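What follows is one structure encoded as structure tokens, with my remarks underneath.
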Amino acid sequence: MTTPAQSALIDTVIARFGPQAAITDPADIAPWLIDWRGRWHGQSAAILSPASTAEVAAIVALAAEHRVPLVPQGGNSGMVGGATPPGDGSALLVSLRRMNAIRRLSPDLAVAEAGVILETLHDAAAGIGRRFPLTLGARGSATVGGLVSTNAGGTQVLRFGPMRNLVAGVEAVLPDGSIHDGLAALKKDNRGYSLEQLFIGAEGTLGIVTAAAVRLVPAITDRAVAWLGLARPHDALAVLRVLERQTGRIEGFEIVNADSLVKVLRYIPGTRAPLEGEHLWHVLVEATAHDSGEEPSAALLERLLAPLMGGLVADATISASEAQALAFWHIRDSISEAERAMGPSLAHDITVPVDGMPDFMIDGAAAVERRFPGAHASCFGHLGDGNVHFHVFPPTVDGQGWIAANGAAASRLVHDLVIAAGGSISAEHGIGQMKKDELARLGPPARLHVLAAIKRALDPDRLMNPGKLID
Ligand code: FAD
């Protein structure tokens, strides 16, 4: 039910900014009320859709006046329910998707509005012979505002780091409607706390990001992707260490469990296993060149991998064309989609120190399967960053019922193991509503104290993305 305060806000927004500034047809709103995995279902009487920073500022100021909570939303590809409004309809969604201009493009920097889709940014940078070096499976829908707000990672963190390393400046509207403009992207600016860093990873709880200045790097002149079959994750990490000692050109290093590969081959049309034989573990390695004078990437991979064959590496194939490189990446990028098609599971985006990750993958999965007979644990992801997606699959009969009965306990076990290994319960997806209770349970206290103090100071009325990250 729309409250009088919400109605007043929606009417004022339409009167001031036109009918396109507020979507009120329930059929148009419906797809944006459910998260990508279909786990959270919210309610919102309207989607407010500002077209400029000034409109965002006016909407936030009006919302503060009417005491209406707001939930910022970009592409709605987040994995922790952060962009799904509360189920009681108390908040309104604010979509940044109409703010989709690239305001500035220079060899070193792109200034993109919050609603620019990652793939569009990639294309724009490529258009001037440069590259934005962050990519992920949802690049066709994830937006700059969402990427900043989740401090997204992806498959090139190994070389370029997550969003925190790539954002040079942020423009954002604070909960009182004032605008922080950091788009000058100063190389040096020591006026106390970094407001840019505060907004990166804030998940919409401190205000609305309206634009970001992001760093660009040289375009690649050539790349090759190798697909390896291995016996153990320990061998995978050893391979990475060998490669890193010999070249600075490794950009992607993704581990894929045999289970994940089988799911992709079963559920994603047109995929084919890269290797003939069966292997317990697979690794995708990407090498790139930024200068046509460099040794071709395929030759580099062949030269570096040859001594490892029959030892750390059981079998390998190197892409012979860009089409084959894309096909290998398509397998890796489709794992989440295949798992979604398969049915319900418990997802954990976790990190531990890199050297401890192989043991964690084996021992953690064994611990979960021992405690929950019939369940199956499987991981894939960014081994070189010490970050894997550790998923627990329920027994095949009544998976949903099993999750309702055991899901919370199984996730607590996974998170306890992560903390015992010196890690974090969120590596790149954030906390959202999915992990809020676990963050509160596992702290640590100093972190919780600072998060809560910042939230109270900037958003005392708790109007920005309520119920997410921290209460
Ligand atoms: P949304 O889902 O709309 O929002 C995410 C959060 O950011 C919410 O809390 C929302 O309130 C907030 N937010 C959005 N826009 C703004 C804004 N303008 N101002 C303030 N707050 C805002 N993530 C990774 O890090 N690495 C991966 O490898 C990866 N792979 C993925 C693969 C698939 C197939 C899918 C579906 C998702 C994947 N993700 C990955 C998760 C997701 O793509 C990222 O979290 C992404 O950054 C979300 O962007 P979005 O625009 O969809 O944000």
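Quick look at the numbers
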{"quantity": "Number of the exception - Ala51 against (1) in contact (Cβ under 8 Å) with a residue 60 or more places away in the chain; (2) over 24 Å from the mean Cα position of the chain (by Cα)", "calculated": "(1)"}
{"quantity": "Per-region count, the stretch 311-325, residues surrounded by 12 or more Cβ atoms within 10 Å (Cβ to Cβ), outside any strand (DSSP E or B) and within 29 Å of the chain's Cα centre (by Cα)", "calculated": "4"}
{"quantity": "Conditions (1) in contact (Cβ under 8 Å) with a residue 60 or more places away in the chain; (2) within 21 Å of Asp461 (Cα to Cα); (3) of a type in the set (A, V, I, L, M, F, W, C); (4) outside any helix (DSSP H, G or I): number failed by Ala45", "calculated": "(1)"}
{"quantity": "The stretch 64-98, residues that are aliphatic (A, V, I, L, M), within 8 Å of the ligand (Cβ to nearest atom) and farther than 10 Å from Asn465 by Cβ", "calculated": "Met79, Val80, Leu96"}
{"quantity": "Condition check for Arg37: of a type in the set (D, E, K, R), within 12 Å of the ligand (Cβ to nearest atom) and closer than 27 Å to Gly140 by Cβ", "calculated": "yes"}
{"quantity": "Checking Gly154 against (1) in a strand (DSSP E or B); (2) within 26 Å of Arg37 (Cβ to Cβ), the condition it does not meet", "calculated": "(1)"}
{"quantity": "Selection within the stretch 118-143 - within 14 Å of the ligand (Cβ to nearest atom), farther than 17 Å from Gly252 by Cβ and surrounded by fewer than 20 Cβ atoms within 10 Å (Cβ to Cβ)", "calculated": "Glu119, Thr120, Gly140, Ser141"}
{"quantity": "Candidate set: the stretch 144-179, residues that are near the ligand (Cβ under 8 Å from one of its atoms), over 19 Å from Asp349 (Cβ atoms) and touching a residue at least 40 places away in the same chain (Cβ under 8 Å); chosen: the one surrounded by the fewest Cβ atoms within 10 Å (Cβ to Cβ)", "calculated": "Gly145"}
{"quantity": "Criterion violated by Ser345 - all others in (1) on the phi < 0 side of the Ramachandran plot; (2) at pLDDT below 95; (3) out of contact with any helix residue (DSSP H, G or I) (no Cβ under 8 Å at 6 or more places or on another chain) satisfied", "calculated": "(3)"}
{"quantity": "Residue list for the stretch 326-345, filter: away from the ligand (no atom under 12 Å from the Cβ), aliphatic (A, V, I, L, M) and buried (at least 21 other Cβ atoms within 10 Å of the Cβ)", "calculated": "Ile331"}
{"quantity": "Exclusive hit being under 17 Å from Ala114 (Cβ atoms), at pLDDT 95 or above, touching a Phe, Trp or Tyr at 6+ places or on another chain (Cβ under 8 Å) and not charged (D, E, K, R), set Ala51, Ala101, Ala21", "calculated": "Ala51"}
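The values are calculated or read from the model by the stated rules, or taken from the named source; none is laboratory data. Note that this is a predicted model, so its numbers are computed, not measured. Using ideal geometry, Cβ is built from the backbone for each residue, glycine included, and neighbour counts are taken over all protein chains shown.
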